[in-house]
Structure formats: structure tokens, C-alpha cells
Amino acid sequence: MSTLGLIGSGHIGGTLARLAVAAGLDVILSNSRGPETLAGLVAELGPRARAATPAEAAEAGDWVVVSVPLKHYREVPVAPVAHKVVLDTNNYYPGRDGRIPELDARKDTSSGLLQEHLPESKVVKAFNNIFFKHLASLARPTGAPDRTALPIAGDDPEAKASAARLLDLLGYDVVDVGPLAESWRFEPGTPVYGKPYTQGHGDVLDVPAVSADVETVRTALAAAEREV
């Protein structure tokens with residue numbers, strides 16, 4: 001049975017853990033505060049889940065999800081994720097993360113920074129453009145007529161194919177945006193950030209989730225414009 005390792009087990013990480021267990025995957029949870037702080041979530045998830053350190057979660061995972069504030073990306077352990085597919089859920093929020101000059105100058109993307117930190121890993125941007133409650137509620141079986149799509153980006157085609165398999169298991173179709181350099185198309189402030197799953201409402205916290213198929217997501221991605 002495949003294992004999902006989670007570095008960061010907050011709103012997005014915890015939601016992915018629930019979806020993974022429901023799909024029959026084993027889950028290794030971790031955070032910066034220690035395994036004992038995850039006892040409640042582990043108990044909720046049941047026998048397929050356990051808590052560990054970030055390095056242990058990374059080592060055990062067939063896929064590894066990084067879901068920590070961007071300002072802490074350099075704390076992600078490097079060696080345990082070498083040659084693995086690393087799914088990055090992060091976004092750049094200057095009010096939380098401080099100013100990052102290369103991102104402000106549009107010289108890089110947040111996932112590009114993580115890829116530079118993890119030179120032997122295969123980073124794929126995913127799960128960052130949807131509110132965690134909507135991520136939980138929109139998952140559907142393969143082939144469901146109201147299945148929702150999520151964008152991904154990455155530099156390694158095999159890694160993106162592996163990430164797509166994971167998303168399929170968790171209940172989502174995929175739109176491949178291209179390399180990490182194109183992941184800005186689904187960062188905060190773009191048309192695909194939250195809005196396709198909320199009927200276009202800006203406040204994604206207060207409206208019910210709606211499904212968004214591949215064509216809807218692809219159209220929103222194509223409408224993205226990058227400030228220079």
C-alpha cells in the first residue's frame with residue numbers, strides 16, 4: 001500500500017490526510033511542534049495514520065506533501081526527499097512570510113524556491129489554489145460527472161504523472177500547466193485562485209463549493225496575467 005508523507009499537517013495537510021485515508025492510503029503526519037501534538041488527528045484518522053518527525057514522514061512517503069508557511073521552506077529536510085515527488089501546496093503571502101525579493105521581482109515562483117532548496121527532488125505545485133474546506137467537499141470518484149479539476153505544474157514529466165495519479169486517488173482531475181516557471185498562473189490573485197470553486201465569488205471562505213471541470217480550470221488559467 002502506498003504512503004503519503006506530510007510535512008505540515010494544518011488545514012491543507014490535514015484535509016489531504018483525510019482524503020488519503022479515505023482512498024486507502026497510509027499517512028505519516030508531521031509538523032514543527034512534534035508528533036505528540038498530532039495525537040488527536042491521528043486518532044481521528046485511525047489505523048492507517050501515524051505521527052512522526054518531518055524527516056521520518058519524508059523518508060516514509062511514496063509521495064511527500066510540503067504544506068508549511070513559505071517563510072519556513074528552508075526547514076524542509078533535504079536528504080530524505082531526494083529523488084522523490086514532492087507536492088508543494090504553498091503560496092506567497094508577504095504579510096505572513098515577509099518580503100522575498102526574487103518573488104517580488106517575478107524572477108522566480110514560490111515552488112521554484114522550494115525546488116532550488118531540494119535539488120535532487122521532483123517538486124510539483126498542487127493543492128494551493130483551493131480553500132481547504134472546498135478541497136474536502138469537492139472530491140469525487142474517478143469518472144463522476146461533477147468531478148473537479150486542480151492545476152499542477154512541475155519540471156519533471158514523470159513526477160507530474162505520479163502527482164496526477166495521487167490527485168486521481170484523492171478525487172480530482174488534473175490540468176497540467178507546464179513547468180514550475182508557469183506556476184504563477186495559479187498563485188494568489190489569479191482567476192483560478194479559489195474562484196472556479198466558488199462561482200466566482202472573491203470571498204472563498206463564506207460561500208459553498210461548486211465543482212469546476214477541466215475546461216473551466218483551463219479557461220481560468222489562460223486568463224491569468226502576470227504583473228511585471
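The values are calculated or read from the model by the stated rules, or taken from the named source; none is laboratory data. Note that the structure is predicted; figures quoted are calculated from it, not measured. So basically every Cβ, Gly included, is an ideal-geometry build from the backbone, and we count neighbours across all protein chains shown. Keep in mind that these areas ignore ligands, DNA and RNA; they rest on the heavy atoms of the full protein, side chains included. Shrake-Rupley method; radii C 1.70, N 1.55, O 1.52, S 1.80 Å.
Just a few scattered comments:
- Here, the stretch 1-55 yields an orientationally averaged convex hull projection of 3.3 nm² when only Cα atoms define the hull.
- Estimated FRET transfer efficiency when R0 is 41 angstrom, pair residue 100-residue 36 (beta carbons, to 0.05): 0.80
- Between residue 181 and residue 120, the modelled label-to-label distance comes to 2.6 nm, taking each label 7 Å out from Cα in the direction of the beta carbon.
- Protection-proxy order for peptides 96-105, 176-185, each taking the mean of Cβ atoms within 10 Å per residue, highest first: 176-185, 96-105
- Entries of 71/107; 122/195; 71/195; 71/125 with Cα pairs more than 20 Å apart: 122/195; 71/195
- Accessible surface of the chain [probe 1.4 Å, protein heavy atoms]: carbon and sulfur percent: 53
- Counted residue by residue at 0.36 nm each, then reduced by the alpha carbon distance between them, the extension gain from residue 79 to residue 62 reaches 4.7 nm.
- Accessible solvent surface per residue of the chain, calculated while the other protein chains remain in place, 1.4 angstrom probe, Å²: 45
- Estimated FRET transfer efficiency when R0 is 30 angstrom, pair residue 155-residue 43 (beta carbons, to 0.05): 0.20
- Euclidean distance between Cα centres, the stretch 1-38 to the stretch 111-177, Å: 16
- Normalised alpha carbon radius of gyration of the chain [divisor 2.2 N^0.38 Å]: 0.94
- Mean Cα-pair separation over length for the stretch 12-134, i.e. relative contact order, pairs under 8 Å, 6 or more apart, %: 22
- Relative packing of 41-47, 24-30, which averages over residues the other C-beta atoms within 10 Å, highest first: 24-30, 41-47
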